[in-house]
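Working notes for the structure below.
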Amino acid sequence: MAVSNKISLLVDLYQNKMTTSKGYGMIYGRVFPRKGLNLKGFAKHVSDHGGLVKYDLMVLVLQNIVECLKELLTQGVPVKLDGLGTFSIGIQSKGANNVTDYDVQKHIKALRINFRPEGSGEMEDQLTSKALMDQTVFELNDYVEIFHKTVDGKDKTYQKRTPVSQYGLSQAEPDPEEPDDGD
């Protein structure tokens, strides 16, 4: 796949400050946090792509998808959306000593919505971690230092963001001589 078809993902760097962790003191990458889209924002994004479906209609379609997903999932019906994946429902349950002791109000602790991404077809059409990895170029963004400060008697958490470029690191450019891994 040509690099021009890849999508950039900004990566922030953090230092692990958990003293009980094996990785204490090590630097790790995290996805740069961006503001998320709600249903209407997603509808606008989709309707802006190609213009086949107007925004108002896209909002209605997505709202209906959400309502129908809720209905079907709470009935235990898995829903497969081709090209996206399969949604299903599961429960987190506490054990009982025997069948007669099991009480759904007491033993069921939570519902879980499970999602299994689509993994068939051409790699570039799949919604899997591997497919997204193949379509992504990582760009270092900021080194983020997190620190705590007491202000007016309250503990507050702050971030100091420093562009990685100030540390003298350069972005890794793809090597045109490096062979493709065959995907």
Filtered trypsin sites (Lys or Arg not before Pro), the stretch 1-96: DSSP coil and at most 15 other beta carbons within 10 Å: Lys6, Lys17, Lys22, Arg34, Lys35, Lys54, Lys94
Solvent exposure of the chain as accessible area per residue, Å², 1.4 Å probe: 78
Pairs from Lys54/Lys109; Lys6/Lys80; Lys94/Lys154 whose Cα-Cα separation, in the structure shown, is over 30 Å: Lys54/Lys109; Lys94/Lys154
Alpha-carbon Debye profile of the stretch 1-148, log10 I(q)/I(0) at 0.16 Å⁻¹: -1.17
Apportionment of accessible area to carbon and sulfur, the stretch 6-157, percent (1.4 Å): 57
Cα-projected label distance for Leu69 with Asp82, points at 7 Å along beta-carbon direction, nm: 1.9
Cleavage-rule hits (chymotrypsin sites (Phe, Trp or Tyr not before Pro)) in the stretch 3-49: DSSP loop, at most 12 neighbouring Cβ within 10 angstrom: Tyr24
Amide H contacts under 5 Å for Val137, placed H, 5+ residues apart: Ile7, Ser8, Leu9
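For every helix of n ≥ 4 consecutive DSSP H residues, a contribution of -39,500 (n - 2.57) applies; sum these over the chain, divide by its total residues, and give [θ] at 222 nm rounded to the nearest 500 deg cm²/dmol. The partial results should precede the final answer.
Details: 4 runs with 40 residues, N = 183.
When only DSSP H runs of four or more count, the value is -6500 deg cm²/dmol.
Applying 1/(1 + (r/R0)^6) with R0 = 22 Å to the Cβ-Cβ distance of Leu10 and Leu39, what FRET efficiency is obtained, to the nearest 0.05? Mind showing how you got there, number by number?
Numbers: r = 24 Å, r/R0 = 1.11.
Using R0 = 22 Å, I get an efficiency of 0.35.
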The stretch 1-58 - convex hull of alpha carbons, volume per residue in Å³: 144
Area accessible to solvent at Glu67, 1.4 Å probe radius, in Å²: 100
Cα→Cβ-extended label distance, 7 Å offset, between Lys54 and Leu111, nm: 3.4
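Give the relative contact order (percent, whole number) for the chain; include only Cα pairs under 8 Å separated by 6+ residues. Spell out each step's value before the answer.
Details: 220 pairs, mean separation 39.4, N = 183.
Dividing the mean separation by the residue count of the chain yields 22 percent.
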Within a Gaussian network of the chain (alpha carbon springs, distance under 10 Å), most fluctuating of Thr157, Thr136, Thr100: Thr100
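The values are calculated or read from the model by the stated rules, or taken from the named source; none is laboratory data. Since the structure is predicted, the reported quantities are computational estimates derived from the model, not experimental observations. All Cβ positions, even for glycine, are placed from backbone atoms using ideal geometry, and neighbour counts span all protein chains on display. Note: areas computed on protein heavy atoms with side chains; ligands, DNA, RNA excluded. Shrake-Rupley method; radii C 1.70, N 1.55, O 1.52, S 1.80 Å.
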